[in-house]
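Here the structure is laid out as structure tokens; the discussion comes afterwards.
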Amino acid sequence: MERVDRCVVLVDAGYLLGAAASLLAGEPARSRITVDHTALIQGLRELAERDTERPLLRIYWFDGAPDRVPQPEHRRLRVMPRVTVRLGALTRSDGRWAQKGVDAAMHAELTELARNRACSDVVLVTGDGDLLPGLMSAKEHGVAVHLWAVQAADGDYNQSEDLVAEADERRVLDRAWITTAVRAKELTGVCAPQPVPRPEIAAILSAPLPEAALAAATAAPASAPETARNGSRPVAGSTTATAPPASKGVPTPKDLAGLRAPGSQPPQHPATATLRWSSDKGWIERPGGGAPGEPPESASLPTLAQLTSAEQRWADREEDITTVGGDPFEVGQVFARRWMERLPEAGHVQKLSVMYPRIPHRIDGELLRYAARFGLLAHKDDQIDEHDRYAIRAGFWREIDVRTAGDHTSAGE
């Protein structure tokens, strides 16, 4: 069998991105960096073809994921040209995440490529000495092995010495190359673009979080509640002296549940408490003191499942796989776009708009279940992270706002 003159790149994503985080952010946590995966893949391809003087066959991206469920970044990568994603398990032990099966998968792929004479050159982006037997096997089959390292933060090696010694060619990906696609995050605490401010939620945005409210209640139990600037009813637990700035964010149902008298058993929900964030469940002000439950105006709103035909479900699934990256904010936007496009009556949008920022429970639950398809579940308890839930709902409302504003503009022309 004649060997094909082309190159293959095998990337240990844990090594590449962890070392990049150490170099740029001072610690190996991948949460400390943002990655432009399109630019990164293009950079790897161009450099591999230049170094090996061979056209690229494929880039294999090896990474870990909880229960091997593709995460948003994996979904983006696996639809890129010439990229194949291979996932190992990601497990947590003693408070640290560890990859399982990634080294074995890289070893198997490397030896299989060499045995089948699928390429003449292999580029390895890894530092793990466990890959040494695979590297030696590839060399015995006549494959030239190029080993790439990420510049170490401390100026020393971050690769196995034996691996370095056995490689045919070596290269260091320095800071200048890394920063074309990777940068350190600025720790601002913002999880997603914020929805455009709207006056009807001014009182909610100025409400203190539970710890601030309880502290205020202890220090000044006789203080009068602050009245919202837009004339709405007082917000539970807020005072004129202790309301924090709006940058603290919209209180979640969990925050509102914490607004109770200190030491009370069971928690005493304030009479004026209003749940106006995620769903209809909880305490919601009812004219005449009605019992909690789904209000008639939201019960009449159809769910996306009710609006979607079998053919549309197939098309939606294909779009999810091929074009939706899985960023929480983007997921909320996609869901809202589909829901609005399939509504039979424009009046449904008006019904939803007056509930802002509360999403009816049935639609909210459907939205979160849709988001769970993109690997957004926290592994420990199969729940979506609170910040991701905020971003999902913020994306939902941003899309509703954008499309509603466009409809208003068209009507006024």
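Where a number appears in this text, it was derived from the coordinates with a stated rule and is not lab data. On a predicted model such as this, the values are computed, not experimentally measured, just so you know. Cβ: placed from backbone, ideal geometry, glycine included. Neighbour counts: every protein chain shown.
A few points about this structure:
- Cα gyration tensor, the stretch 42-185 - rounded (a/c under 1.5), prolate or oblate: rounded
- Under the convention that each Lys and Arg Cβ holds +1 and each Asp and Glu Cβ holds -1, the size of the dipole of the stretch 7-184 around its Cα centre is about 820 debye.
- Report note on the peptides 44-50, 4-10: ranked by the mean count of other C-beta atoms within 10 Å, highest first, their order is 4-10, 44-50.
- Averaging Cα coordinates gives a centre for the stretch 12-61 and one for the stretch 356-372; these two points are 36 Å apart.
- A Förster radius of 56 Å combined with the Cβ-Cβ distance from ARG6 to GLU345 puts the calculated FRET efficiency at roughly 0.50.
- The order of ILE59, ILE392, ILE41, ILE321, going from fewest to most other C-beta atoms within 10 Å of their C-beta, is ILE321, ILE41, ILE59, ILE392.
- Within the stretch 303-401, the proportion of Cα pairs with more than 19 Å between them is 39 percent.
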